1. Compare the Cα positions of B:Ala28, B:Pro77, B:His141 along the charge dipole of the protein assembly as shown (+1 at Cβ of Lys, Arg; -1 at Cβ of Asp, Glu; about the Cα centre) and return the one farthest towards the positive end.
2. Answer rounded, prolate or oblate for the range B:12-68, using the Cα gyration tensor with square roots of eigenvalues a ≥ b ≥ c: rounded when a/c is under 1.5, else prolate when a/b is larger than b/c, else oblate.
3. Any chance you could list the semi-axes, whole Å, largest first, of the equivalent ellipsoid that the Cα gyration tensor gives for the range B:88-158, using √(5λ)?
4. Cα axis of helix A:58-68 to longest principal axis of chain A: angle in degrees, 0 to 90, nearest 10?
5. Assuming R0 = 25 Å, what is the FRET efficiency of A:Arg53 and A:Ser8, from their Cβ-Cβ distance, to the nearest 0.05?
6. Just to confirm the numbers: A:Asp176, label point 7 angstrom along the Cα-Cβ line, distances to the other copies in nm, shortest first?
7. Once phi is turned into ³J(HN,Hα) by the Karplus curve 6.51 cos²θ - 1.76 cosθ + 1.60 with θ = phi - 60°, what whole-Hz value does each residue of the range B:39-55 show in order, with x for glycine and proline?
8. Given only helices, namely DSSP H runs of n ≥ 4 each adding -39500 (n - 2.57), what is the per-residue ellipticity at 222 nm of the protein assembly as shown, to the nearest 500 deg cm²/dmol?
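Every read-out reported here was derived from the displayed coordinates using simple, explicitly stated rules and does not represent laboratory data. Predicted model only: the values in this text are computed from it and were never measured. In this analysis, Cβ positions are derived from the backbone assuming ideal geometry, glycine residues included, and neighbour counts consider all displayed protein chains.
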There are 2 protein chains.
Amino acid sequence: MAVSGNPSRRRGSDLVDAIYAAALAEVAELGLGRLTMDGIAKRAETARTSLYRRWPSPSELLLDALSAAHPMEEPTPGADDLRGDLVASLRLMVDWAISPAGRAVQAIMGDPRRDPVLVQGLYERVFAENGGTFTRTVLLHYARAGEFDEALVTPVVADIGEALVIKHLIDAGIPDDDALGRIVEQAILPAIGIRP
Amino acid sequence: MAVSGNPSRRRGSDLVDAIYAAALAEVAELGLGRLTMDGIAKRAETARTSLYRRWPSPSELLLDALSAAHPMEEPTPGADDLRGDLVASLRLMVDWAISPAGRAVQAIMGDPRRDPVLVQGLYERVFAENGGTFTRTVLLHYARAGEFDEALVTPVVADIGEALVIKHLIDAGIPDDDALGRIVEQAILPAIGIRP
DNA sequence: TCCTTAAGCTACAGTGATGTAGCTTATTAA
DNA sequence: TTAATAAGCTACATCACTGTAGCTTAAGGA
């Protein structure tokens, strides 16, 4: 016998969005290993049965939540400011990394179990084709504009900025623009033959 | 009433070492979020009560296990081979990263909860003073030998190699010597003004 | 307005981890 | 040989999460 209960009741996408937000928050705070149907339901203030009616497991739910999250923004190289555009593209990356979706992705990628279904889903549904290529887009744009040899944009060079941002996030927290500027000047630009 | 049981019974450091190994294996396989006294006890084939007699929680146990693990090796720059020594120092880092202790550390650092006690313990008891400075040691050695300006070895530059290795481990697995060589040539050496 | 749908609520049995207690027994040192 | 110590074993109450069932009820469309 149901007794009191909320007089206003969410349905459809209203409810689903709340559940998605709860799932991302749970995994970002607790990690994949502590993600439970119960925890998601409680945070979303809904009944556990409502979750089981739609998803068989926390992983499946999480994957849908990530697909529905805002995608990564693409960097849009401007007129003639390689250094500035590189910093801006790293700033985009940082913004995404500290968003609920970004933190959820980190929890998934960092989990030792590396659920293959989850990781594959990530690549197919979140990174899409264009994902994770923040500085690469900018570098290729300026190389094609004739600023330097396109052949210098190797996979390693395209990864330098992202790699240093990841390391900064791990052991020093969120980098400010000065920190991003140092990464660009001291690591990325030298790799394409530009010394300050 | 105890019935059969193992006729040979481990004591002292024999037992403790087995427990440490079990703890590192558990956290490496399952992640910090799934680390339990029960799991460690079962893997070490000992009684849960034996764990509670020594440690109050899985975290405390894990920290002791990490302290007891083999420390990171220091790179020892050789005669006159900057490139080779850099690759060797990154190889040291990779070897450590894929060891039980290294994988446990990754699980701890990657955990969204970032248990402050655990992280602080890591810095004090595992990284010590010298930890995490694989390429830095080599770079400073050659800079002081006059190969390039020591001022070029900034925190960012000292991090380039480690950062790219971390990224490689995350999204492409264990790097071989060719991959390490590309990191050295295309990212580290240009940053200190050396072009192949 | 009525009716279908979807959500909420409660309950339940099952499972696995917790932390403790009290006992038995192997190992080691005296 | 004996005694002290440390480890093993079992049991227990408790808690949190699971997955399911069956019911009640709010929302929204016909």
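1. Value: B:Ala28.
2. rounded
3. Semi-axis lengths for the range B:88-158 are 28, 14, 10 Å.
4. Rounded to the nearest ten degrees, it is 50.
5. 0.80
6. 4.5
7. x, 4, 4, 4, 5, 7, 6, 9, 8, 4, 4, 5, 6, 5, 5, 10, 10
8. Result for the protein assembly as shown, helices only: -18000 deg cm²/dmol.
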